[in-house]
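A.B. asks: Let me begin by handing over the structure; questions about it come next.
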Amino acid sequence: MRRLFRARRDDAAITWLAVTAVFVAIVWSLSRGAFGWVLFGGILAAVLLAPVVAFGEPRRVPPWPVALLAALPFVVAAVAPWTVVTRVAAYATVAAVALVAVAQIDAFTPVRMNRGFAVALVVLVTATAAGVWELGKWVVDLAVGTELVPSNEVVMWRLVTAVGAGVVAAAVFDRYLRRLLREEFVPDGFDVEDAEEQIDDVGGAVSRALADVGLTRPRQRLIVRGAQVVLVGIGVVGVVTLNLNVVVNASIGLAATLLPGVLERDYSVETDVGLTLWIAAAVTIHALGTVYFYQTVWGWHNIAHTLTGTLVAAIGYTTVRALEEHTSAVAFPPKFTFLVVVLVVFSAGVFWEILEFTFDGIAARVGADDGLVLAQHGLTDTMSDLVANTVGAIIVAGAATYYRLRSVDR
């Protein structure tokens, strides 16, 4: 993407006009005492000018369409009175900053990514930035007793707005890169079997680790069968009590534990029993929580989300490694892979909370008091779920990165 930053003189002039507008908006915000917008504008200006500072070349700036896409919503958000339009513009700025940052990471660091990965990363960074911002305000509220986050509903609508802005920015970015770089969205030479190999390796690593502590592969299979029996029992309880939420969650969980076997039998996709056990543990703990423990045992949903976070992190890590190993489309240093995996899991948590929020809205419309399949239980539930997901991601990504760095050293 280095070509993005080789602007002609006229193009660079337009970008510098956009940067000037950002500084004017910063001064305006400072005069009004809007220090949050001053900080936000400073981050935006720093991202836009990072290549100029690094290389000492005034023309080494982002292309003017990208610069305008970043500057315009910030100027609108900083100058206009606080309205719904201003809020949308603010999150559009977050998405634009993510867009510029992704382009510069690819252009000026050892990281390499193709168009498809870059576009996806814009959405992930936007969702993560919005989620971290809301989570940070919630922590401040707990610490000093402020009310920066008024309610769970407000948080969810902010996250919906941010993700929507990220998707729009990613679509614009994709169209621009398609015309400029003419790269494939899915890299040439990538085969599904490449990802299968990586996933099977992870399952094998889990099996070997469990075998080291006395859980041999036959015992692991026995535990999986036991988890499946528990899931069937939970489904029966849901049918007897006429609880659709319990029935659906148990059924989905049971299907997830059976999927590796189906893929191996019908499509010759090799999956080690360790991966199946990992899936079984995650879905069983969630199903048990749905039927009883979420309401009675404090922290049970945090355990479930942490375990789910580790599973999503493993899938994200294996996908990235498969792309790295078998294509030239992406190339990540180990520490950047760690960052990508955490981004994947945190943003997946944001998407999951939005999905739960959507189901809550549908349930309210149809008058289902117990919710429909997925349900949120307030602001603390939403924020603690995001924290638990992130903890799970850090555990897996940290362990995988440590193992990879040790392998490189050897």
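A.B. asks: Please give the helices (runs of 4 or more DSSP H) falling wholly within the stretch 35-113 in which 2 or more residues are aliphatic (A, V, I, L, M) and under 13 Å from residue 21 (Cβ atoms). Lay out the reasoning, then the answer.
C.D. replies: Details: elements: 35-55, 64-79, 84-108.
In the stretch 35-113, the matching helices (runs of 4 or more DSSP H) lie at 35-55, 64-79.
A.B. asks: Please indicate, with yes or no, whether at least one residue in the stretch 149-170 is over 22 Å from residue 85 (Cβ atoms) and at pLDDT 80 or above. Steps first, answer last, please.
C.D. replies: Looking only at the stretch 149-170, we keep the residues that are over 22 Å from residue 85 (Cβ atoms), and these are 152.
This time we only want the ones that are at pLDDT 80 or above, so: 152.
Yes - at least one qualifying residue is present in the stretch 149-170.
A.B. asks: Among the residues of the stretch 334-354, what is the count of those that are over 14 Å from the mean Cα position of the chain (by Cα) and modelled with pLDDT of 80 or more?
C.D. replies: 1
A.B. asks: Kindly indicate which of 121, 142, 148, 135 is part of a loop (DSSP other than H, G, I, E, B), assigned by TED's automatic domain parsing to the domain that holds residue 41 and among the hydrophobic types (A, V, I, L, M, F, W, C).
C.D. replies: Just one listed residue meets the conditions, 148.
A.B. asks: Something else about it: Considering each of 132, 139, 125 in turn, give the residue that is surrounded by 15 or more Cβ atoms within 10 Å (Cβ to Cβ), modelled with pLDDT of 80 or more and not polar (S, T, N, Q).
C.D. replies: After applying the criteria, what remains is 125.
A.B. asks: If only one of 312, 387, 330 is modelled with pLDDT of 80 or more, among the β-branched types (Val, Ile, Thr) and not assigned by TED's automatic domain parsing to the domain that holds residue 121, which one is it?
C.D. replies: 387
A.B. asks: If you go through the stretch 238-252 one residue at a time, how many are among the polar types (S, T, N, Q), buried (at least 19 other Cβ atoms within 10 Å of the Cβ) and either farther than 14 Å from residue 289 by Cβ or over 26 Å from the mean Cα position of the chain (by Cα) (or both)?
C.D. replies: Here is the first cut: in the stretch 238-252, the ones among the polar types (S, T, N, Q) are 241, 243, 245, 249, 251.
Next, only the ones that are buried (at least 19 other Cβ atoms within 10 Å of the Cβ) stay: 245, 249.
This time we only want the ones that are either farther than 14 Å from residue 289 by Cβ or over 26 Å from the mean Cα position of the chain (by Cα) (or both), so: none.
Number satisfying all stated conditions: 0.
A.B. asks: Which pairs have Cβ atoms under 9 Å, sit 6 or more apart or on different chains, and link a residue in the stretch 303-316 that is within 9 Å of residue 348 (Cβ to Cβ) and in contact (Cβ under 8 Å) with a residue 40 or more places away in the chain to one that is hydroxyl-bearing (Ser, Thr, Tyr) and buried (at least 22 other Cβ atoms within 10 Å of the Cβ)?
C.D. replies: Between residues of the stretch 303-316 that are within 9 Å of residue 348 (Cβ to Cβ) and in contact (Cβ under 8 Å) with a residue 40 or more places away in the chain and residues that are hydroxyl-bearing (Ser, Thr, Tyr) and buried (at least 22 other Cβ atoms within 10 Å of the Cβ), the close pairs are 309/390.
A.B. asks: Next up: Within the stretch 65-78, can one find any residue that is closer than 24 Å to residue 346 by Cα and either buried (at least 22 other Cβ atoms within 10 Å of the Cβ) or not assigned by TED's automatic domain parsing to the domain that holds residue 321 (or both)? Full working, then the answer.
C.D. replies: Here is the first cut: in the stretch 65-78, the residues closer than 24 Å to residue 346 by Cα are 70.
Now drop any that are not either buried (at least 22 other Cβ atoms within 10 Å of the Cβ) or not assigned by TED's automatic domain parsing to the domain that holds residue 321 (or both), which leaves 70.
So far as the stretch 65-78 goes, yes, one or more of its residues are closer than 24 Å to residue 346 by Cα and either buried (at least 22 other Cβ atoms within 10 Å of the Cβ) or not assigned by TED's automatic domain parsing to the domain that holds residue 321 (or both).
A.B. asks: What are the residues in the stretch 113-148 that are in contact with an Asp or Glu (Cβ under 7 Å, 6 or more places away or on another chain) and free of Cβ contacts under 8 Å to residues at least 24 places away in the same chain, if any?
C.D. replies: Matches in the stretch 113-148: 141, 147, 148.
A.B. asks: Out of 361, 309, 349, I need the residue that is closer than 24 Å to residue 155 by Cα, outside any loop (DSSP other than H, G, I, E, B) and touching an Asp or Glu at 6+ places or on another chain (Cβ under 8 Å). Which one?
C.D. replies: Numbers: 361 fails: touching an Asp or Glu at 6+ places or on another chain (Cβ under 8 Å); 309 fails: touching an Asp or Glu at 6+ places or on another chain (Cβ under 8 Å).
The match here is 349.
A.B. asks: Go through the stretch 148-176 and give me each residue that's charged (D, E, K, R) and farther than 19 Å from residue 37 by Cα. Steps first, answer last, please.
C.D. replies: Applying the first criterion (charged (D, E, K, R)) to the stretch 148-176 yields 153, 158, 174-175.
Passing the criteria: 153, 174, 175.
The values are calculated or read from the model by the stated rules, or taken from the named source; none is laboratory data. Nothing here was measured: the structure is a model prediction, and the numbers come from that model. Cβ atoms come from the backbone with ideal geometry, glycine included; neighbour counts cover every protein chain shown.
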